[in-house]
1. If you take the residues in segment 65-104 that are of a type in the set (S, T, N, Q) and within 16 Å of the ligand (Cβ to nearest atom), which one is nearest to L40 (Cα to Cα)?
2. If K337 meets every condition in (1) within 19 Å of the chain's Cα centre (by Cα); (2) over 19 Å from N18 (Cα atoms); (3) surrounded by fewer than 19 Cβ atoms within 10 Å (Cβ to Cβ) apart from one, which number is that one?
3. For the structure I just gave you, tell me whether L105 is aliphatic (A, V, I, L, M) and either touching a strand residue (DSSP E or B) at 6+ places or on another chain (Cβ under 6 Å) or under 22 Å from T143 (Cα atoms) (or both).
4. Hey, could you check segment 1-35 for residues that are open to solvent by 50 Å² or more (accessible area, probe 1.4 Å) and among the hydrophobic types (A, V, I, L, M, F, W, C) and say which is farthest from the ligand (Cβ to nearest atom)?
5. List, please: which pairs have Cβ atoms under 6 Å, are six or more places apart or on different chains, and start with a residue in segment 188-216 that is on the phi < 0 side of the Ramachandran plot and end with one that is open to solvent by 40 Å² or more (accessible area, probe 1.4 Å) and not in a helix (DSSP H, G or I)?
6. Answer yes if at least one residue in segment 75-97 is in contact with a strand residue (DSSP E or B) (Cβ under 7 Å, 6 or more places away or on another chain) and assigned to a helix (DSSP H, G or I), and no otherwise.
7. Considering only residues of segment 49-62 that are assigned to a loop (DSSP other than H, G, I, E, B) and under 20 Å from R309 (Cβ atoms), which is nearest to the chain's Cα centre (by Cα)?
8. Can you give me the number of residues within segment 312-321 that are of a type outside the set (K, R) and in contact with a strand residue (DSSP E or B) (Cβ under 6 Å, 6 or more places away or on another chain)?
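The values are calculated or read from the model by the stated rules, or taken from the named source; none is laboratory data. Predicted model only: the values in this text are computed from it and were never measured. We place every Cβ from the backbone using ideal geometry, glycine too, and count neighbours over all the protein chains shown. These area figures cover heavy atoms from the full protein model, side chains too; ligands, DNA and RNA do not enter into them. Shrake-Rupley method; radii C 1.70, N 1.55, O 1.52, S 1.80 Å.
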Amino acid sequence: MAQHIGIITSGGDCPGLNAAIRAIGKGGQDAYGMRVVGFLNGFRGLAQDRTMELDDRVLSGIMTYGGTILGTSRDKPNRMTIGDRTRDMTDVIVDTYHRHHLDALICLGGAGTQKNALLLKNTGLNVVTLPKTIDNDVAMTDTCIGFDTAVSIATEAIDRLHSTATSHNRIIVVEVMGHRAGWLALEAGTAGGADVILIPEIPYRIERIVQAIHDRTRKGKRFSIVVAAEGAMSMRDAKMVQKLAMKKNNGENKQVRQNASNQLSAFHEAHVGHTIQLTKQLETLTGQESRLTILGHLQRGGTPSAADRVLATWLGTRCIRALTEQQYGVMLAVQGKEIKLVPLEEVSGKKKFVPPDHPLVGSARLVSTCFGD
Ligand code: F6P
């Protein structure tokens, strides 16, 4: 049975990570006498052998803290910036694992972390992962640690913006996180009664949004709330992105594929903050004063919700049980009312997007929410 286990948190932080670290640490030590060590700042801590002993004293009282006591980073084992060079640190990480006599490594992370965990699994390490991200876009799991809290934070912000939008008869655009997936915008927008919800999976036409706002004005409603995911884009941009993505994957030669890849990166870089442009366009086209609020990292900060604490405790302790059963190379996925162990190969390289015909999209449409399509 696994006796020595390591933990890392990797990728963007989120509320609930400490609750998961606590569940793994306490569950492992108290119930099975395991030794649990944390590595700092994601995969970088494994490469640099920087550790934190996760004893009872450290684990006590961390449930309610936001962020991660271990620190995190977006470093990849095989492409890590060390000084002014990018190096493959996989072998170094494997050495660290063995030097600490680890029987298993638990990685808490989003879609990118699943890929990196598979890479380590393929070198022969015993790896188990837990899904976390406020984007809720990890494949094969219904939900991820951090998502519920982010939805609550964004919903509260939308509620507060409603009152000021009403007082001034304004359009308020609220940008929420989510570059590629619109789960957060969809759920917070629905919970906050947004009039317009824009998500990357449903490209919008500006005229449709303007029409929805005019319809509201005709009904005597002189304010509107537009919730837009960071990655929401117009139909025209979406077509261009789709074309470039096709070229990037299937271009006739390496040069064509590389050019398409560069153009795609340039587009996404320029698209950051596109809601500034969107807000100006809406003001011009509707004649209504418009303002923008970008919620940004507020959505990732602070105390986790009760639901996230429960989820983190459930996943963390189930993870310990998986280790006692020597189940490795898997991600713990919430599927319905159960936690399933899904092979990393089935998760890695995939993302869970909002299907445009998702029942919640249908419900929102029935209460007159416009998706801009
Ligand atoms: O972790 C997911 C996420 O919060 C995305 O929603 C967002 O686009 C991104 O991370 C922001 O990343 P960073 O914190 O590195 O700026």
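1. Of segment 65-104, the ones of a type in the set (S, T, N, Q) are 68, 72-73, 78, 81, 86, 90, 96.
Right, trim to within 16 Å of the ligand (Cβ to nearest atom) and you get 68, 72-73, 81.
Details: T68: 10, T72: 7, S73: 9, T81: 16 Å.
Per the criteria, the residue is T72.
2. (1)
3. Considered against the rule, which asks whether it is aliphatic (A, V, I, L, M) and either touching a strand residue (DSSP E or B) at 6+ places or on another chain (Cβ under 6 Å) or under 22 Å from T143 (Cα atoms) (or both), L105 comes out as yes.
4. In this case the residue turns out to be M1.
5. As it stands, the answer is P200/R180; E201/F353; E201/P356; I202/P356; I202/D373, since those pairs meet every condition given.
6. Yes, because at least one residue in segment 75-97 is in contact with a strand residue (DSSP E or B) (Cβ under 7 Å, 6 or more places away or on another chain) and assigned to a helix (DSSP H, G or I).
7. Pass one, segment 49-62, residues assigned to a loop (DSSP other than H, G, I, E, B): 49-50, 54-55, 60-62.
The next check asks that each one be under 20 Å from R309 (Cβ atoms); those that pass are 54, 60-62.
Values: L54: 26, S60: 27, G61: 25, I62: 22 Å.
Of everything passing the filter in segment 49-62, I62 is nearest to the chain's Cα centre (by Cα).
8. The number of residues fulfilling the criteria is 3.
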